[in-house]
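Here is the structure we will look at, set down as structure tokens.
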Amino acid sequence: MSQTIVITGANRGIGYHMARLWKERGNQVIAVCRSPATQEGREDLHDLGIRVLEGYDVSKDQDVAALKKELGDTPVDVLYNNAGMMENETLDDLNLDTMRQQFEVNTLGPLRVTHALLDNMREGSRVGLMTSRMGSIEDNDSGGRYGYRVSKAGLNAAGKSLAVDLKDRGIPVAILHPGFVKTDMTGNNGDITAEQAAHRLVQRMDELNLDNTGTFWHSDGSVLPW
């Protein structure tokens, strides 16, 4: 049965491959992008039959309000909040401006989009949040990356609250770490490709239900510590 999938940050990396995979499975995919979705060296999202909505920044209230208006009453079966960013603050170079920017994109962005599209979702819809194990407090044994760690820990907390608050509506929430993935964000270092991560993450979303809602997962299916 075809579903309608909305995915943010779908113009590159893992988001691009998730959008493509969901489309190949026969779904209606709406790819939300801040930047143009056309990039050299790969098949264009438009050419794949994916509806692309460009110019929407999840860190801006007005952009998310405009996204809601454009979608209208389109039913959303899966909302996957993928858009994110990472900077590299250290204790010796604590850039509070980039920390604030990451909080707006990584923490408030997914919450902002999910809240805006609540009326588009119904019982049985599912929400995915792309987090990171770097947001785990227990797992932090290397320090640094202040903005990214803080913003992802905040997203984890927001995701847990969403899971609690949306359970009575029949909408489960997954809090997902993709793994160490070869993308622009990691300088193309990693253990798996973006395409491999996409397959894993889509599988986790397939398995999401009201019994496991609010779980903090690695894309390989293991549960991560908070």
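List of remarks:
- Calculated on alpha-carbon atoms, Rg and Dmax of the stretch 99-173 in Å: 13.4, 41
- Within the listed set 158, 19, 31, the Gaussian network model of the chain (springs between alpha-carbon atoms below 10 Å) gives the highest mean-square fluctuation for 158.
- Amide H contacts under 5 Å for residue 128, placed H, 5+ residues apart: 79, 80, 81, 174
- Solvent-free Debye calculation, one equal scatterer per alpha-carbon of the stretch 131-226: log10 I(q)/I(0) at 0.19 Å⁻¹ equals -0.94.
- Residue 180 versus residue 220: modelled label distance in nm, points set 7 Å from Cα along the beta carbon direction: 1.1 nm
- When the Cα atoms of the chain are aligned to their principal axes, the ranges along those axes come out at 50, 44, 35 Å in descending order.
- Net length gained if the chain between residue 100 and residue 139 were fully extended (0.36 nm per residue, minus Cα distance): 11.8 nm
- Normalised by 2.2 N^0.38 Å, with N the number of residues, the alpha-carbon radius of gyration of the stretch 4-137 equals 1.08.
- In this structure the amide hydrogen of residue 29, modeled in the peptide plane, comes within under 5 Å of the amide hydrogens of 5, 51, none closer than 5 places in sequence on its chain.
A short reminder: the numbers here are calculations on the coordinates, not readings from a lab. On a predicted model such as this, the values are computed, not experimentally measured, just so you know. We place every Cβ from the backbone using ideal geometry, glycine too, and count neighbours over all the protein chains shown.
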